[in-house]
Amino acid sequence: MTYKSLSNTGVSIPEVGLGTWNYHAGVEPLRKGLDAGALFIDTAESYGTETVVGQAVAGTRGRVFIATKVSPEHFRFNSVLKAADGSLKRLGIDRIDLYQLHMPNDKVPIEETISAMEQLVDAGKVRFMGVSNFSVAQLQQALKATRKYPIVSNQVRYNLVDRTIEAALLKYCQANGITIIAYSPLGRDFQSLLDCDPGGALADVARLTGKTIAQVAINWCLCKDDVVAIPKANLTAHVLENCGASGWRLTAEQLQFLDRSIRWRRRGRMETFLRKALPQPLKSACGKLVQRLSPGVRRRFT
Ligand code: NAP
């Protein structure tokens, strides 16, 4: 397993971690992933998986980097402190390695939330502060609100077919030493990734490299500077396969071939707004519709 620096902290983390949203397979797959070197697990108070993560790391805690998240409805000062205590208890640990604001909440001043996060660092309950789903502007506001400790990461959706962050956020984070934690690196459901590859480019590259399609897709994320990825898998076979996405690199030619062949897109402002405003089933339908458009039309729409 290759490690990457976590921002400028001097700490390195595995470039492939274990995502746990919608995870319901018990401790076994997670333990196999840890054994295979993915000593980095991502969870959140809202996922309902902190307890199983705690059980999976029991015995190896000292070697595992544990990231969890506070939900936006808990962004008031005292609620952040209370939420962290709840996460620590469910995880069965005394310090969270990376505590992330799950998504922006413009109803609570960011200064108040960051101040609570810094208090948690002072109290030794949190090691590093991170955010998730923050745009460049939101990240800048959060950075401005910090007094004592840096924001070391931003966890955002990034994969071969959804390259929205390339418009600005990726470069901003790279320039400011903020690690990008790529979520949904397999497109959230693997089939949606394959649907955007009608010519079978992923299979071609998999054949050339002797890797699998999933490994090629995850490695594509890892080829970017300052990006680590957290695929989620319920199947142990998938967990192990995903760990094999690390330790090697696609060549520049293979990257260019994938960039040319896959029907990728960046969400525009309109789509981002609709995704925030629409209920989940409509969001998915909207995303699928955009995916079916031809590349030219799609770019104009998004
Ligand atoms: P993902 O990791 O892109 O995809 C998960 C899907 O891919 C599951 O259906 C899984 O199947 C399948 N899969 C996994 N490995 C595979 C393989 N080797 N071959 C074929 N299929 C494979 O999607 P995600 O769960 O949305 O994202 C990963 C993690 O990112 C989450 O678990 C969570 O920790 C984090 N996340 C964060 C946010 C946020 O707002 N911060 C949002 C979404 C996700 P099985 O489960 O059946 O194995």
- Shape call for the stretch 1-53, from the Cα gyration tensor axes a ≥ b ≥ c (a/c under 1.5 means rounded, otherwise prolate when a/b beats b/c, else oblate), comes out oblate
- Query: What's the angle, to the nearest 10 degrees (0 to 90), between helix 77-91's Cα axis and the longest principal axis of the chain?
  - Reply: 70 degrees
- With a ≥ b ≥ c from the Cα gyration tensor eigenvalues, square-rooted, and the rule rounded for a/c under 1.5, otherwise prolate when a/b > b/c and oblate otherwise, the stretch 1-124 is prolate
- Note on the structure: With a 19 Å threshold on alpha-carbon distance, the violating pairs from K4/K171; K4/K224; K69/K171; K82/K125 are K69/K171
- Query: Dividing the alpha-carbon Rg of the chain by 2.2 N^0.38 Å yields what?
  - Reply: 0.97
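Laboratory data are not the source of any read-out in this text; all were calculated from the coordinates shown. Because the structure is predicted, anything quoted here is derived from the model rather than measured.
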